[in-house]
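Reading through the structure tokens given below for one structure.
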Amino acid sequence: MTNFDRITASPEALGAFLASLPCLGGPWDDAFHRHFCDHCEAENCDGENCHHPAERDNPLWWLKQEAVSAP
């Protein structure tokens, strides 16, 4: 089994791999903000107060979304 095979074995495996990368953000962060934050009325909505903690900082959530073509 190659590393590629291991990290692409399932959406969950790929999501876990992407979440483990030491980066400040990814396309899943931008999609999260467009989908949830742009219309959120909560005040002081940070990591602890977010109404969508399961999706926040979660590449697996993004992987399960329909692909959008680039403009």
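Heavy-atom accessible area for residue 30, with the other protein chains in place and a 1.4 Å probe, reaches approximately 90 Å². Considering only 40, 23, 50, the Gaussian network model of the chain with Cα springs below 10 Å gives its largest mean-square fluctuation to 23. Taking the protein heavy atoms of the chain in the context of the full set of protein chains, the accessible area attributed to carbon and sulfur is 53 percent at 1.4 Å.
Averaged over all directions, how much area does the convex hull of the C-alpha atoms of region 1-58 cover when projected, in nm²?
On the way: hull surface 18.5 nm².
Taking the Cα atoms of region 1-58, their convex hull projects to 4.6 nm² on average.
Per-residue ellipticity at 222 nm, computed for the chain from helices alone with -39500 (n - 2.57) per DSSP H run of at least four residues, works out to -8500 deg cm²/dmol. Under a Gaussian network description of the chain, with springs only between Cα atoms under 10 Å, the residue in 24, 60, 14 that fluctuates furthest is 24. Each residue of region 48-63 was assigned a 3J(HN,Hα) from its phi angle through the Karplus expression (A = 6.51, B = -1.76, C = 1.60, θ = phi - 60°), giving 7, 9, 5, 7, 10, x, 5, 9, 5, 6, 10, x, 4, 4, 5, 4 Hz with x at Gly and Pro.
In terms of accessible area, using a 1.4 Å probe and ignoring ligands and nucleic acids, 69, 20 rank largest first as 69, 20. Heavy-atom accessible surface of the chain, averaged per residue, reaches 80 Å², computed with a 1.4 Å probe.
The values are calculated or read from the model by the stated rules, or taken from the named source; none is laboratory data. A quick note: this is a predicted structure, and the numbers were derived from the prediction, not measured. The accessibility values were calculated without ligands, DNA or RNA, using every heavy atom of the protein model including side chains. Shrake-Rupley method; radii C 1.70, N 1.55, O 1.52, S 1.80 Å.
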